[in-house]
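This report concerns only the one structure given below.
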Amino acid sequence: MKRLLSITVVSLILFSCGEEHRENYTSLDEDGNIIISDESTKILEEIQEDYDACKADESEERECNQFTSEAICRFYQIEDFKKGEEYITYREIKDVVTKNAGSWEPIGIATNQEDLDKAQENANETKATIAFDPTKTNHVAIILPGSTTKSNQWGMDVPNSASFFVHKADSYINKGLSYSFTGPKGIILYTKK
């Protein structure tokens with residue numbers, strides 16, 4: 001009886017301490033497919049609302065360039081894309097993942113179906129995962145938990161994603177990666193170890 005009481009007390013303490021740390025990134029739909037949990041969707045929708053408000057008030061292009069970093073950090077509960085209390089710009093993300101002493105690793109390239117599948121698998125395991133264009137645009141998309149979907153544009157199955165565009169007033173949540181990039185050529189996939 002004492003052992004059962006001890007286990008119950010420890011469980012209550014762990015549960016109450018864990019309320020600040022979100023564990024339920026995903027849930028299952030009625031067909032058993034992995035989807036983003038309501039709590040996780042709410043986080044992304046709040047960021048999307050802030051992004052939309054920023055873009056509506058933007059007086060210079062690129063004023064609203066930290067929302068991708070904020071979304072990755074808040075959704076996956078990591079601090080990799082912050083300097084002090086500020087989120088870094090989208091252009092700095094590439095340097096963090098490619099030069100950050102081994103805390104991120106490349107999955108591969110978006111022209112390879114196995115690499116796209118691995119990106120989706122990692123996101124489903126709640127590992128922070130991104131796709132980015134290393135050219136001068138440096139555009140970044142966040143790979144989200146979910147299922148791959150067929151992209152006629154790419155001719156492949158693409159992972160679920162979100163993106164906050166810098167060069168236009170547009171953002172999205174829960175769409176295929178092909179919505180973010182016109183084609184897979186040159187797009188690199190990275191995941192946090």
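The values are calculated or read from the model by the stated rules, or taken from the named source; none is laboratory data. Predicted model only: the values in this text are computed from it and were never measured. Note: ideal-geometry Cβ built from the backbone for every residue, glycine included; neighbour counts use all protein chains shown. Note: areas computed on protein heavy atoms with side chains; ligands, DNA, RNA excluded. Shrake-Rupley method; radii C 1.70, N 1.55, O 1.52, S 1.80 Å.
May I ask you to say which residue of ASP95, ASP80 is over 15 Å from the mean Cα position of the chain (by Cα) and over 18 Å from HIS167 (Cβ atoms)?
On the way: ASP80 fails: over 15 Å from the mean Cα position of the chain (by Cα).
Result: ASP95 is the single residue among ASP95, ASP80 that is over 15 Å from the mean Cα position of the chain (by Cα) and over 18 Å from HIS167 (Cβ atoms).
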- Message: I'd like the full set of residues that are among the hydroxyl-bearing types (Ser, Thr, Tyr) and open to solvent by 10 Å² or more (accessible area, probe 1.4 Å), limited to region 33-75.
- Response: THR41, SER59
- Please enumerate the residues belonging to region 94-144 that are crowded, with 24+ Cβ neighbours inside 10 Å and assigned to a loop (DSSP other than H, G, I, E, B). ALA110, LEU144
- Show the residue pairs that are 6+ apart or on different chains and have beta-carbon atoms under 6 Å apart, the first residue being within region 137-156 and free of Cβ contacts under 8 Å to residues at least 40 places away in the same chain and farther than 22 Å from LEU44 by Cβ, the second being in a strand (DSSP E or B) and open to solvent by 50 Å² or more (accessible area, probe 1.4 Å). LYS150/ASP157
- Scan (1) closer than 30 Å to GLU30 by Cα; (2) surrounded by fewer than 23 Cβ atoms within 10 Å (Cβ to Cβ) for the single condition SER163 breaks and write down its number. (2)
